[in-house]
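Heads up: the structure comes next, in structure tokens.
The values are calculated or read from the model by the stated rules, or taken from the named source; none is laboratory data. All values derive from a computational prediction rather than experimental measurement. Here the Cβ positions follow ideal geometry from the backbone for every residue, glycine too, while neighbour counts run over all protein chains shown. The area values use the complete protein model at the heavy-atom level, side chains included, leaving out ligands, DNA and RNA. Shrake-Rupley method; radii C 1.70, N 1.55, O 1.52, S 1.80 Å.
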Amino acid sequence: MSQGRSAFSDAASRAVLDSAPEGILAANREGQIVLVNAQTEELFGYGPGELLTLHFTVLLPQLFREEHKRQVAGYTRAPGLRPGRVGLELRGLRKDGTEVLLEMSLCSVDVQDGPLVCCVLRKIPATKSADHPSREVEQRFCLMVENSHDILTIRDADTRVRYTSPSIHRVLGYRQEEIIGSTGFELIHPEDRSNVETALNEFWKTPGARDSIQYRARHANGSWVSLEVVAYNLLDHPDIRGVVISGRDISQRMQREAEKERTIAELQEAISKLDTLTGLLTICASCKKIHAENGSWQQVESYIRDRSQVEFSHTTCPECSIIWYPDHYQK
């Protein structure tokens, strides 16, 4: 009887999953998909059973995978303590490489084999996504960009600046409208320009690539600012179609490093001028002259003075004073 009830329960659960109007997906602690319904497979363009045992990140565009990995890891670490999240918006990646805008509800469940993260997925119609964008996400992103100390720039395929953040004025002294539409190559220091242009030309040919470079750029006041930039080639991304570049002012760091190198060089130069006497010296037992390398006999003072930065002054020690000046020596 219990076996029959179990079979009925499994069949009923499967029927509920497949009849649900939303996509339903569950992933284990390792991120492997362990359960999907037919709506999920249809939503992402996969055949029956194709998604099982795959990692859930195959359903996410490359740009968003790391963030969602961290979210899922947080849910599986303490499933009993994490409340569900409803109405999250994200982009999904279909099997054919196209993207779909989704609304996701997320919760965690404890089962016998360990915690699971369960997702309920709904496709957001194109009209809704166009009329009602995620204002909270947009506002948060805008605040981060506009108040960042780094310069965020997006360049088109022809390398011209499509967008630059307000921090361009704080770091380099230019207004946004002065930079947008230009390549900005004329601002690069003449000694750095060739290397930068060569690196960028190669970088532009590789969508998805990420790289960094350092160079000097001319400030509006004529001075030079050392920048470290990190570039991410998203020319193939349907929403960005550009190269995203984050630039940071490292002038103070470069100055500290230059001062450090200068100090090291000065110390090395001082050490190189300091001769150190080593080895075996032959000295006369009577007059204490030293037998030099050229065969001559030299006074101790002249021998040492010629081979180091030492100067001599003379006096008499107490023992010699007693021997040579007994009448004048006082204890």
Please turn the phi angles of the stretch 215-224 into ³J(HN,Hα) values with the Karplus equation 6.51 cos²θ - 1.76 cosθ + 1.60 (θ = phi - 60°), one per residue in order, whole Hz, x for glycine and proline. 7, 9, 10, 7, 6, 4, 8, x, 7, 10
I need the peptides 197-203, 255-261 ranked by packing, meaning the mean over residues of other C-beta atoms within 10 angstrom, with the highest value on top. 197-203, 255-261
Theoretical gain in end-to-end length, T263 to T206 [0.36 nm per residue, Cα-Cα removed]: 16.4 nm
Other-chain or far-sequence residues with amide H under 5 Å of I124's (modelled H): L101, L102, E103
Qualifying aspartates and glutamates (Cα of each under 14 Å from Cα of K123; at least 8 residues distant if same chain): E22, E41, E42, E89, E99, E103
The local net charge around H219, scoring Lys/Arg +1 and Asp/Glu -1 for residues other than H219 whose Cβ lies under 14 Å from its Cβ, equals +1
Mind grabbing the accessible area of D211 for me, 1.4 Å probe, Å², rounded to tens? 90 Å²
Name the residues whose placed amide hydrogens come within less than 5 Å of the amide hydrogen of L234, ignoring near sequence neighbours (fewer than 5 apart) on the same chain. G208, G242, V243, V244
So the FRET efficiency between T316 and M254, C-beta based with R0 = 45 Å and rounded to 0.05, is 0.20
In nm, spacing of pseudo-spin labels at A199 and L17 (7 Å Cα→C-beta vector): 5.0 nm
For a Förster distance of 30 Å, can you work out the FRET efficiency between the beta-carbons of R305 and Y325, rounded to the nearest 0.05? 0.65
In Å and from the alpha-carbon atoms only, list the Rg and Dmax of the stretch 181-230. 11.6, 36
